[in-house]
Structures are given as structure tokens and as C-alpha cells.
1. Rounded, prolate or oblate, given the Cα gyration tensor of the stretch B:643-716, with a/c below 1.5 counting as rounded?
2. Per residue of B:566-576, count partner chain C-beta atoms within 10 Å of its C-beta, then hand back the mean as an integer.
3. Ignoring ligands, DNA and RNA, how do B:457, B:587 rank by accessible area with a 1.4 Å probe, largest first?
4. Please find the FRET efficiency linking residue B:298 to residue B:697, where r is the Cβ-Cβ separation and R0 is fixed at 60 Å, and quote it to the nearest 0.05.
5. Under the definition of partner shielding as Cβ atoms of other protein chains within 10 Å of a residue Cβ, what is the mean value for peptide B:379-391?
6. Return, ordered by residue number, the residues of the stretch B:393-408 whose backbone nitrogen is under 18 Å from a label point located 7 Å along Cα→Cβ of residue B:366.
7. How many angstrom lie between the C-alpha centres of the stretch B:620-651 and the stretch B:367-425?
8. If one takes the accessible area of chain B alone plus chain A alone and subtracts that of the pair, with a 1.4 Å probe, what total in Å², rounded to the nearest 100, results?
Amino acid sequence: MIATLIGVAILTLAAVILIRRAGRFIRTRGRSGCANCPYSRGCCGGCSGGCDRDIANS
Amino acid sequence: MNMTIALAGNPNSGKTTLFNALTGSNQYVGNWPGVTVERKEAKFEIGDDLATLVDLPGVYSLSPYSIEENITRHFIAQHQPDVVLNIVDATNLERNLYLTLQLMELERPVVVALNLMDELQRRGETIDCARLSKELGAPVVPISAKKKQGFDPLFQAIYDQAHNPTPAHPARFYEPSTRDALREIVEALGGFTAHSAFDVDEHFTHRDENERDDDHNAHASHRHIGGYDDEGDLDYAPPTTWVALKLLEGDELLKESAQLSDAQRARIRKSVSDYVARGQAEHPGIDSLTLVVDARYRRIDQVLKAAGFHRREREISTSDKIDRIVTHRYLAFPIFLAVMGLMFAITFGPVGTFLTGLTESLVGWIGDLAGAGLAAASAPEWVTSLVLDGVIAGVGGVLVFLPQILLIFLFMSILEDSGYMSRAAFITDRLLRKFGLSGRSFIPMLMGFGCTTTAIVAARGVENERDRRMTILLTPFMSCGARLPVYGLFTAAFFPGRQALVVLSLYALGMLMMIVCGVILRKTAFREGDSPFLMELPPYRLPHLKSVLRRLWDRAKDFLTRAGTIIFAMSVLIWFMQSFSPTLQWVTDSAQSIFGRLGAFIAPVFAPLGFGQWEKGVALLSGLVAKEAVVSTLQVLYSVGSASELTTAIAAHFTPLSAYSFLVFILLYVPCVAALAAARRELHSTKYFLMTICIQLGTAYVVSMLIYQIGSLFIR
């Protein structure tokens, strides 16, 4: 039972992450794609109000 | 009192060192809204006051040409910080003081922090700071940002300027012709208190990003609105004298955006042409901008002379001696390749492999623990598969490469901080020019070694439209950091002992394809003339260990967050799509899964390239989201638990030739969706965007196919 719940939780979490990221990506016209990206560190094209990094840091 | 201090200065003047020394780790790092430039700010105490220190981009002047300059002048003119803290490199006074004068023209209280005084003294040169301060009209405080010396008098000067501001007006000391022209223009604008009489609206008005027309050229609009969208209501207009100076210089941004009547424009035009006529009497052919620049430099000469500045006859510095070898006509490129080779040898050689092995052991232990726990809990088969074959395999498969990624970034940070990367751009510029490409474009391309998205956006700094488009089209050929896990996996499986050489060959191939495509584009779609390229070669410096390590730590945190979010979610999605059929039935044969059916469609396309199996095609698709996802996809699809098992599985499903062909395809095909979105935004043309995709896919396909087909003739 617990294992099944864990499985469901993982699937739900993954779905939520994907849906939210996809939504943010569309809303910010791709700028949020660089959120938490270690390769770009510091810039990813301007994130007026839509960048995960700014939101995470605010 | 809460005060805002803007920190401004030339690049390589010690600005970042000073910022870090003043604020420690108490920093907020973000972006200047709407643009690519990093914004740092932090708070610290000066006496009873709480100061917010805003780090402005490093600039040489306040022209309207680059986003960094626009950010600096916009922030100071519109947000009117309490103090502008200008860090000046004492070993390069003439160049640094040019910016100082321009900062002072914005009529905010300025404090000059004169850095690297010890180096100045070592050269046998002297300057009287008190007299310099008197001549400039702003406090000048000698400091050493690296050794944290001089901070107490610096804080005192900042405090005094904030509480009893004494903004100076350097234009009052420019030669008479310039002063007369300025006076006329100020009168045309309506006088010194004319802020309400004219309206520099477009330049400084807040504009909502979402209101912009999609077809509107982003590059032009960035210049037009001063570089970026601002965050709030702006209470201040820029100083009238400053506006007059900019109009005298012929600043296009101001000319277009200042809302003036026809009569005002006519008067201003006359003042400018009279000014130019006076200047041309002495210097035929000179323009108004050069006259103003000359006025500033004459003032700098006066100031330095009055301050008793003595410059020694310049000796050949250590940096010059090193550059004689490093930028040598014939040695430069081999040295560059050797440096890159050494970087890869350490990363993919014994050191990197050892560290990766440690991470792999950790991931394996976590997998064993999870497996035992699930077995003890009698977990259903699908849950066990999800956790072990999905999450742990997928995320773990990427995590094991963290040490190698950090090693690469460690070396790149060291190369950057030491000053060598500028030489790399200089050396490559010489090479690129032979093929008709602009060296100015190589700086964003060099950033492509880290991240393609960053590099594409950095192409905004390339003023020439043709060069900018070509930079965006060609930058994706520079192998980005996210591809490293894929290289690491395949080279470990097929080329043990020669991993560094293989990775180096991929980077070199990427650069070669960049040149080849660039030459073809130059002769076809982008035929216009050449653009000049000016860059500074900073002196070599020992990298600051603390800042290098801090940056590495930040990257590691980001990598782990990325692994825990998008890579995790992608791994679960891939597991789902290869575990369930299109009718959502649990399948044990992956070929019957959603992915299997999808992959069966695209697999034949890749057959001529040597990897015509559905798993490989699907892995390439997942690479569109994040290149590291190729590794996690293969790990999930081949149902293996650890990186070493994946290496074995890869070895069973590829040959060395098809593996290299696959790596070449990974190298050259389209970058991730974030980079594609950035390219679409920056190109602002569907035609060029589609051209980018076609060029990259076409090049990847053709080159991979040639390698595999020709290689097959010799290797079985």
C-alpha cells in the first residue's frame, strides 16, 4: 500500500513538474528553459517576471 | 538611512573583487530585466545606514551601443542612486577616468575608489590622490580590493557623499568650444531646469515585455528603449546637461527618443554643426562625437598633470612576454589546442574517471537501498520498476557525471579569470578572419562552450546585423556543457584511454563545421562587408580561488536542482512511455510501448548513420529538452541500474564507429528547446529560424552519415 502510494506520488510529482515547466516555458516564450541551468549561470535571455531563477531567488 | 550605491567601472578593474569584498556571500544574483546581463546586489552597513550595493556591468564608456552601457546609464540617470562608487584601475588611469567623467556628467555624487595602487607604485609611478580629488571634484580613495585595504576611508567617503552630496559638473571644465555648444543646446532644451519642458519618453519609459509586437525587431527595440524593460515607476528625468552632451555627441538613442519640437531640433542641429565647423578648422573631417571625446581626454590630461601623475617609460610586462608566445603567429593555435586537450585529459582521464566512479558507487548504493526497501515492502512490479529503472536509473545516470562537469567548469573559470580566454578569442579571430567571419562573433561563440542559449543571447552585443545573425546560426555548433555526460558515457564505453582525444576531436569538429557553414553562408545568404573588432587583452592574473570555488558551488547546486526537477520528470515520463502500450497496458517488451511504436517510425531515418534502432532515435528526441536526458533516456530504455551497466549495454548496442557517428550527431544537431526559443526570439524572423534548424539538422545528418558510411569501408 505504502509502496503504491509512493509510486503514485512520484508520477504525480513528475506530472506537476512537467506541466508547470511547460506552462512557464510557453508563458515566458522559452526564457524559463534556463532555470537552474548550471551551464548558463547568470543569464539566459532575460526573464522579465518569468524566470524561475528570479522567482526562486525572490 | 537606506541608501543605494551603484558600483561602476571598467571591466577588469577589480569591480567584482570589490563587490565580493564589501558584501561577502550576502548577494542576490539575478538578471537585469529583459536582457542577458547578470545583476548582482547586496546589502551591507555603513555606520547606521543600510546600503544596497548594485553591481552595474563593466563598461568603458556610456555610449548607446551596448546593452551593458545602456543599463549603466539608465540606472544612474533614472534611479538616481545616492552614490556612484566608481572603481578605477590606477594602472590605467587615462582609460578609466574617461568613464569617471561620464559618470560624473550624470550629476550623481561620485566616489572614486582607486584600485591597484600597490601595482602602480611597483611600476615606479605616483599620483597625489588628494590633488586628484580636488581636480576631479569627487573624493578619491586609494584601495586594494584584493587585500581589502582602504575600506574604512572608502566607507567614510561614501557616507559623506550620501549625506552631504557634492556632485561635480565636469563639463564646466571642457574647452570653451564644447562649453559654448552645450550652453546653446541647454537653452534650446529650455534651460537647466527643463526636465518638464522636454520628455525623453521612449528612452526611459517602462514598457511591458508582453506588449511588444512579436515582429518587432528585438535588437532595435533594445537600443530604442535604452536596452531593457525597467521594473517600476520612474520618478526622475535625466540631467539636462547630460542630455545636451548626448545630443552634441550625436547619440542616436537620445535623438530618436527625445520629444522635441521642430524648432528645438533645428536649434540643436545648428549648434552641433557650428561646433563641428569650429572643430574642423583645426582638424578637417572631424565629427562631433570625436570632438566631445577629445574634450574629455584633454580634461583628463589636465587633471592628471595637476595631480602630479608621473608615468614611467613602459617596460615590457610579464603579460606581454607571455603573450609573445601565447599569441604567436604559428604557436598560438597549437597552444590553444594543447590547453583544451589538457583540460579534457584531466576531466575524462584518471582524475575525472575516479571521481565519477565515486559518484557511481554512491548512486549504486542508493539504488540497492531502494531495491531492498521496495522488496521488503512487497511493492508492486510497476512501482519497483518506476523507482529503480525510472527515477534512480534516469537521474543517477546523469548525476554520475557531475564531477566531470565541475572539472570542466573549474578549468574554464581558471582560464577565464587568468585572462587566457581573451587570448583564445583573439587567436580565433585571426583564424576566423581568413574565412571571412568576424572575430567579434567569437566571444558569444566561446560562451557556447558553456551554454548555447547564453551564447545566442550574448550575440546581441554584435552590432552588425549580418554578423549577429550568422553568430546565432553558427553558435550551436560549439559543443555545450550539457553534452558532456553523453560524451563521457560513450567515450568510456568505446574509447577507454583515449577519451580526451575523442572529446577534443568532437570540439574541433564542431569548430570546423562552424567555419565551413560560415564560409558557405558568407558566400550565399550573408554577403555584406566586414566589421571591425576591438577587444581588450587584460593582463594575466592569478585566479581568485575563493570566487572560482564559489562559482563552482553555485553550478553544483544548479546541476543538482536541475537533476532533481526536469531530469527527474523526464526520466519518469520516459519510463512511463516505455513501460506502457498506447492503450495504457503494462508491457514487458519495450518495442510494444508508446516509445517503441513512436521510435519505430523514426528509426529508419537514422539507419544510414549507423544507429537505426528505435531506442537511439527516441534518446535523440529527449535531447531536445536537455542534452543530458539522452543519457537518462538510454539508461531507462536499456533497463539498467547503474552507469557501468549502461556502459556495457551501450557497448552491446553500438559499434565504435556507430558510437562516434552518434556522438557527432549529438554534437551538431539542434540544441535544446531553450536555445531554440532564444534563437527564435533573437532572430525575429521565422525564415532565419527555420534556416537555423535546417542547417543544424542537415549538417548533423550529412556529417554523421559520411563518417559512418566512409568509416564502414575501412572498419568492420
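The values are calculated or read from the model by the stated rules, or taken from the named source; none is laboratory data. Since we're looking at a predicted model, the values are computed, not measured. Ideal geometry is used to build each Cβ from the backbone, glycine not excepted, and the neighbour counts take in all protein chains shown. Keep in mind that these areas ignore ligands, DNA and RNA; they rest on the heavy atoms of the full protein, side chains included. Shrake-Rupley method; radii C 1.70, N 1.55, O 1.52, S 1.80 Å.
1. On the way: a/c = 5.98, a/b = 1.83, b/c = 3.27.
Verdict is oblate for the stretch B:643-716.
2. Numbers: counts 7, 0, 5, 11, 4, 1, 8, 5, 0, 3, 3.
Mean shielding by partner chains, rounded to a whole number: 4.
3. On the way: B:457 0, B:587 25 Å².
From most exposed to least exposed: B:587, B:457.
4. On the way: r = 56 Å, r/R0 = 0.94.
Here the calculated transfer efficiency is 0.60.
5. Numbers: counts 6, 4, 0, 4, 9, 2, 1, 7, 4, 0, 0, 4, 3.
That average works out to 3.
6. Counting backbone N atoms under 18 Å from the label point, the list is B:393-406.
7. Distance between centres, Cα-based: 12 Å.
8. Values: alone 30940 and 4670 Å², together 31980 Å².
The B and A chains share an interface burying roughly 3600 Å².
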